[in-house]
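Notes follow the structure.
The values are calculated or read from the model by the stated rules, or taken from the named source; none is laboratory data. No experiment lies behind these values; they were computed from the predicted model shown. Cβ atoms come from the backbone with ideal geometry, glycine included; neighbour counts cover every protein chain shown. Remember, those area values only see protein heavy atoms, side chains included, never the ligands or the DNA or RNA. Shrake-Rupley method; radii C 1.70, N 1.55, O 1.52, S 1.80 Å.
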Amino acid sequence: MSWAERQRADLLQQTQSLTQTPPPVLLLHSLTDNEGDWSILPLLPYLSSLFGKNSSWLVFLEEETNVKVTKLLQALRKFDRRKEWFLGKPLHDEESTIIHHYAFAENPSIFKYPDFSAAWALSIPLLDRSGPNLYLTSFNFCCLHLPFFIVALYIWENGQGPRLTAVPELCTEPEHSPTAQHCATTLRRPAPLCGEPVKKEDIFVAVKTCKKFHSERVPVVKKTWEREASLLEYYSDHTDPSIPTIDLGVPNTERGHCGKTFAILERYISDAVPKTSWLLVVDDDTLISLPRLQMLLSCYNPSEPVCLGERYGYGLGQGGYSYITGGGGMVFSRAAVVRLLASDCKCYRDDAPDDMVLGMCLNALGLPVTHSSLFHQARPEDYSRDFLAHQVPISFHKHWNIDPVAVFNRWLKDESMSTSTHGLNKSTKEEL
């Protein structure tokens, strides 16, 4: 949130030199009390009512987006503001992907959606048409994630609305890159650093597994990231001393795993495990960089109820809730776990979806879900190459049709990885 405040101050300072009235700079998280504002679509009617009469463009930025206001205005002047425009830096899928529900399966690359990090814009005529009609649409808000794709799909409106128009001045190059001379937007590098990485001894890692995956998935964890954990336990439906695993007394389920996850939360705050400030819950097919996570956690206060990971949404705009998707890894501060277990929130079945039930609990308690785009619910192949190109990711998920060890070595292993996070290379620290 402090990063966003600094971004707002910088933009306002730049607009002081403009001869026209400076544009308002709004922080999305503070506009309304609607839980789903982060997904953009539920916010469009409000923005249309607020700016539909006295503005030409609505521009969306990320916290890490650096903007040269004069160049941005020059880029926007190339487009007739009286027409419907959807502007951005295009991304596309290389292949049909589960994270976009296999949309455009016959030709995935045909549909373009904006890279939010480069900034994107709507002309007011498009906003005025799209915003007020939002509540009349049959658009499905279930399990919303990666909102840049969903936003593009909604605006396109099955071919009735405009497709994304590429704007070369909207870039994701590093701020001081020689290739960014023409850019109105770039990415800040280095990002603000929050302090020393959290000690590995202050993170307890819980790996969910089951007997049928003891010989298939657990060895991958041991070959890749297990050695970077100081405190780690495997939770299964079968005790195997060779791993070792712990049987929590919850039968394995083919889906959901809510009973197992809540048993992990109970164990975490008991005397059975060392007391730590942070709990990381992952699947046995999650690939993760713990040193990068240690650096990210330096930006958060474990005495506050923090729930961190890749954020999804269910029924947003219709009284729904946000949740941290489990496959990419769910991070909880001790304070968050204590608040959750002190409430009346429970699994309605052992095989209920644990991440979604936790999201409902957090929503009922008024506790925020914190998103980081560095966690990933799917494989690298499931994301646009350009989207990943400006990231130093923390996690990926699933072993399907990939060599998980090779994926870890390519995307998550740092050359100087050691028992200390101080050896991490500079580029990793800058991204995080």
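Quick rundown of the values:
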read-out	value
Lone qualifier among Glu201, Glu196, Glu233 - being touching a residue at least 40 places away in the same chain (Cβ under 8 Å), among the charged types (D, E, K, R) and assigned to a helix (DSSP H, G or I)	Glu201
Meets criteria (touching a residue at least 24 places away in the same chain (Cβ under 8 Å), open to solvent by less than 10 Å² (accessible area, probe 1.4 Å), under 20 Å from Val250 (Cα atoms) and touching a strand residue (DSSP E or B) at 6+ places or on another chain (Cβ under 8 Å)) for Gly327	yes
Counted residues, segment 360-375 - those being in a loop (DSSP other than H, G, I, E, B), open to solvent by 40 Å² or more (accessible area, probe 1.4 Å) and either under 25 Å from Ala342 (Cβ atoms) or without any contact (Cβ under 8 Å) to a residue 60 or more places away in the chain (or both)	2
Some residue of segment 54-66 being modelled with pLDDT under 90 and over 20 Å from the mean Cα position of the chain (by Cα)	yes
Residue, nearest to Lys53 (Cα to Cα), within segment 106-133, restricted to residues that are assigned to a loop (DSSP other than H, G, I, E, B) and without any contact (Cβ under 8 Å) to a residue 24 or more places away in the chain	Asn133
Residue check, Gln318 within 14 Å of the chain's Cα centre (by Cα) and open to solvent by 20 Å² or more (accessible area, probe 1.4 Å)	no
Residues of segment 31-41 classified as over 18 Å from the mean Cα position of the chain (by Cα) and over 22 Å from Thr185 (Cβ atoms), total	3
Residue in segment 121-139 that is modelled with pLDDT of 90 or more and within 22 Å of the chain's Cα centre (by Cα) present	yes
Every pair of residues 6+ apart whose Cβ atoms lie under 7 Å, when the first sits in segment 295-314 and is closer than 16 Å to Cys194 by Cα while the second is polar (S, T, N, Q) and in a helix (DSSP H, G or I)	Met295/Thr421
Pairs, first without any contact (Cβ under 8 Å) to a residue 40 or more places away in the chain in segment 246-260, second β-branched (Val, Ile, Thr) and open to solvent by less than 50 Å² (accessible area, probe 1.4 Å), C-beta under 9 Å, six or more apart	Leu248/Ile264
Scope segment 87-110; condition polar (S, T, N, Q) and under 21 Å from the mean Cα position of the chain (by Cα); matching residues	Ser96, Thr97
Count of residues meeting criterion [outside any loop (DSSP other than H, G, I, E, B), over 19 Å from Pro162 (Cα atoms) and either open to solvent by 30 Å² or more (accessible area, probe 1.4 Å) or of a type in the set (S, T, N, Q) (or both)] in segment 77-105	1
Residue list for segment 332-348, filter: in contact with a Phe, Trp or Tyr (Cβ under 6 Å, 6 or more places away or on another chain) and open to solvent by 40 Å² or more (accessible area, probe 1.4 Å)	none
Residue match in segment 395-405 (condition: open to solvent by 30 Å² or more (accessible area, probe 1.4 Å) and more than 20 Å from Asp284 (Cβ to Cβ))	no
Cβ pairs under 6 Å, 6+ apart, first in segment 210-229 and under 16 Å from Lys398 (Cα atoms), second outside any helix (DSSP H, G or I) and open to solvent by 40 Å² or more (accessible area, probe 1.4 Å)	Cys210/Asp237; Cys210/Asn252
Test: Glu63 is among the acidic types (Asp, Glu) and either surrounded by fewer than 18 Cβ atoms within 10 Å (Cβ to Cβ) or under 22 Å from Pro125 (Cα atoms) (or both)	yes
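Per-residue answers, yes or no, for (1) within 17 Å of Lys208 (Cβ to Cβ); (2) at pLDDT 95 or above; (3) out of contact with any Lys or Arg (no Cβ under 8 Å at 6 or more places or on another chain):
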residue: Val273; (1), (2), (3): yes, yes, no
residue: Thr286; (1), (2), (3): yes, yes, yes
residue: Met330; (1), (2), (3): yes, yes, yes
residue: Arg339; (1), (2), (3): no, yes, yes
residue: Ala342; (1), (2), (3): no, yes, yes
residue: Lys346; (1), (2), (3): no, no, yes
residue: Leu358; (1), (2), (3): yes, yes, yes
residue: Ser372; (1), (2), (3): no, no, yes
residue: Arg379; (1), (2), (3): no, yes, no
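Yes or no, residue by residue, for (1) at pLDDT 85 or above; (2) farther than 25 Å from Met360 by Cα; (3) surrounded by 13 or more Cβ atoms within 10 Å (Cβ to Cβ):
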| site | (1), (2), (3) |
| --- | --- |
| Gln14 | yes, yes, yes |
| Thr19 | no, yes, no |
| Pro22 | no, yes, yes |
| Ser30 | no, no, no |
| Asn34 | no, no, yes |
| Ser48 | yes, yes, yes |
